[in-house]
Amino acid sequence: MVLTPGPNMLYLVSRSVTQGRRAGIVSLAGVTLGFLVYLLAANLGLSAVLVAVPGLYAAVKLAGAVYLAHLAWNALKPGGVPVFAARDVPHDTPRRLFAMGLTTNLLNPKIAVMYLSLIPQFVDPEAGHVVLQGFALGAVQIAVSVAVNLALVLAAGSVALFLARRPSWLRAQRYAMGAVLGALAVTLALDTSKPAATG
C-alpha cells in the first residue's frame with residue numbers, strides 16, 4: 001500500500017524536487033505526525049464514531065475523492081506539470097513545509113481508510129489488549145511508510161534528472177499518475193462500504 005501513488009507521495013516528491021532533500025525531510029516529518037494522529041484517533045474510538053454516524057464517514061470519503069480528483073486534473077490538464085518535473089516555485093519555510101505535510105496526510109483518503117477500516121480487521125480480541133494491538137500494527141505501518149517515503153525523498157532529485165533527459169518518459173509519468181489518481185477518486189466516490197468498528 002505504501003508504494004501506491006497517492007497525495008503523500010506526490011507532495012513529498014514534488015517538494016524534494018523543487019526545494020531539495022531537506023525540504024522533503026521536513027515535509028515527511030509533518031506527514032509522520034499525520035500518521036500518529038490517525039493512529040491515535042483510530043485506537044481511541046474514531047472508527048466507532050464513524051460507524052454510529054454513517055453520513056460523517058460518507059463526507060470524509062467524498063472529501064478525499066474530490067481531493068484526489070483535483071490532483072488528477074492538475075496532472076492531466078493541458079499544460080499540467082509532472083510530479084518529477086523540476087520547476088521554480090517559491091520556497092516555503094520549514095514551518096509551512098511541516099504544516100503542509102501534516103495537512104496532506106490528514107486529507108489523504110488512503111490513510112484514513114487504512115486506519116479506520118483495514119488495520120482494525122487484523123486486531124484479534126482473543127490475542128490480548130485490543131488497543132495495544134492497534135498501536136503495534138499502526139507502529140509497523142508508520143515505520144514502513146517513513147522508510148519508503150524517505151527513500152523517495154532522497155532519490156527524487158536523481159529520478160527528476162533521469163526523466164528530464166527523456167521528455168517522453170516524463171509525459172508518460174504525468175499521464176499515468178493522473179490516470180491512477182482519477183481512478184482512485186472514482187473508486188472512492190463510488191465505494192459503498194462502511195467503516196469497521198474496533199474492538
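The values are calculated or read from the model by the stated rules, or taken from the named source; none is laboratory data. Quantities reported herein were computed from a predicted structural model and do not represent experimental measurements. No Cβ is skipped: glycine too gets one built from the backbone with ideal geometry, and neighbour counts run over all protein chains shown. Areas reflect the complete protein model, heavy atoms only, side chains present, ligands, DNA and RNA absent. Shrake-Rupley method; radii C 1.70, N 1.55, O 1.52, S 1.80 Å.
Points to keep in mind about this one:
- Residue count for segment 166-183, restricted to those that are open to solvent by 30 Å² or more (accessible area, probe 1.4 Å) and modelled with pLDDT of 75 or more: 7.
- Residue selection: Val130 fails the criterion of being under 20 Å from Val37 (Cβ atoms), exposed (fewer than 14 other Cβ atoms within 10 Å of the Cβ) and modelled with pLDDT of 75 or more.
- Where a residue in segment 111-140 is assigned to a helix (DSSP H, G or I) and its partner, wherever it lies, is aromatic (Phe, Trp, Tyr) and at pLDDT 70 or above, with Cβ under 6 Å and at least six apart: Ile111/Tyr38; Tyr115/Tyr38; Leu137/Phe122
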